[in-house]
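What follows is a set of notes on a single structure, which appears directly below.
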Amino acid sequence: MDNSPLSWRTTERNIKARKPDWYWILGIIAAALAIASILFGNVLFAIVIVTGAVALGFASVGAANEYTITLTNRGVLIDSTLFPYENIISFCILEFENEDPVLSLRTKSIFAPQLSIPLPEGIDPYEVFDVLEYYVQEEEHLDGLFERFVDFLGF
């Protein structure tokens, strides 16, 4: 096993260009739900819906953060946050048609139980596999309901 760390820079997500129709649909759905909530006497829920829709709108136009990922002999380092190998349950490299591969990590962390790390062009997925296979068990990771919902929204 080579002890030199494998490192690359990647963005946290691929930003997809949104058409104005997407924002109109978001606003119409949020307004309809908020009005229905008010009609049923639940003003607080209406405020939550409107706040959530505004946050979703702002999140869709925000710039993606760029991170440095490093696979060391101690764990996976994302900028300055270390995920030790003993806290990683399993890993999987997901390959999609017409998209860059994604490194999926299942961790014991409550706040980050599953990490999806894009592997940009120029990073060999087999090299990443070889490094992680030495420390962590490979296991098939299927998209959960939350991941499918996020993909449906286009994030």
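Each reported figure results from applying straightforward, stated rules to the coordinates on display, with no laboratory input. Keep in mind that what you see is a predicted model, and the values were worked out from it rather than measured. A quick note on method: Cβ atoms are made from the backbone with ideal geometry, for glycine too, and the neighbour counts reach across all protein chains shown.
The table below gives the values:
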{"read-out": "Cβ-based net charge around Trp8, under 12 Å, with every Lys or Arg adding one and every Asp or Glu removing one", "value": "-4"}
{"read-out": "Tensor-based shape of the stretch 92-143 (alpha-carbon gyration tensor, a/c under 1.5 rounded, otherwise prolate or oblate)", "value": "oblate"}
{"read-out": "FRET efficiency for Leu6 and Phe111, using Cβ-Cβ distance with R0 set to 35 Å, rounded to 0.05", "value": "0.90"}
{"read-out": "Label-point gap, in nm, between Glu138 and Glu66 - each point 7 angstrom along Cα→Cβ", "value": "3.1"}
{"read-out": "Label-point gap, in nm, between Glu86 and Ile47 - each point 7 angstrom along Cα→Cβ", "value": "4.6"}
{"read-out": "Using a Förster distance of 22 Å, the FRET efficiency for Leu94-Asp130 (Cβ separation, nearest 0.05)", "value": "0.85"}
